[in-house]
């Protein structure tokens, strides 16, 4: 499952010209979250679901979602 988060990050990095540090801050409050996953770290199922949902919420409309990753329904973030 962490491979999905890394893949989403890498896809967005290539499309938007952002670093994984920047994307990590957008989908979590930790700039090093995705870096830790790239280095073999793990996360809980709840964290995975929340992060993938945040990717869905910020995903560029002109970028196809990777077909090998289940896409959640878009939800509004709580204020």
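Read the figures in this text as sums done on the coordinates, not as results from a lab. Everything quoted here is computed from the prediction, not taken from an experiment. Virtual Cβ from ideal backbone geometry, glycine too; neighbours counted across all protein chains shown.
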Exercise for the section: Might you check whether a residue that is out of contact with any strand residue (DSSP E or B) (no Cβ under 6 Å at 6 or more places or on another chain), in a helix (DSSP H, G or I) and on the phi < 0 side of the Ramachandran plot occurs anywhere in the range 65-74? Expected result: no
Problem - Looking only at the range 24-57, and only at residues there that are within 12 Å of the chain's Cα centre (by Cα) and touching a residue at least 40 places away in the same chain (Cβ under 8 Å), the one that is nearest to residue 9 (Cα to Cα) - result: 55
Problem - Subset of the range 1-17 [more than 20 Å from residue 70 (Cα to Cα) and either surrounded by 15 or more Cβ atoms within 10 Å (Cβ to Cβ) or in contact (Cβ under 8 Å) with a residue 40 or more places away in the chain (or both)] - result: 16
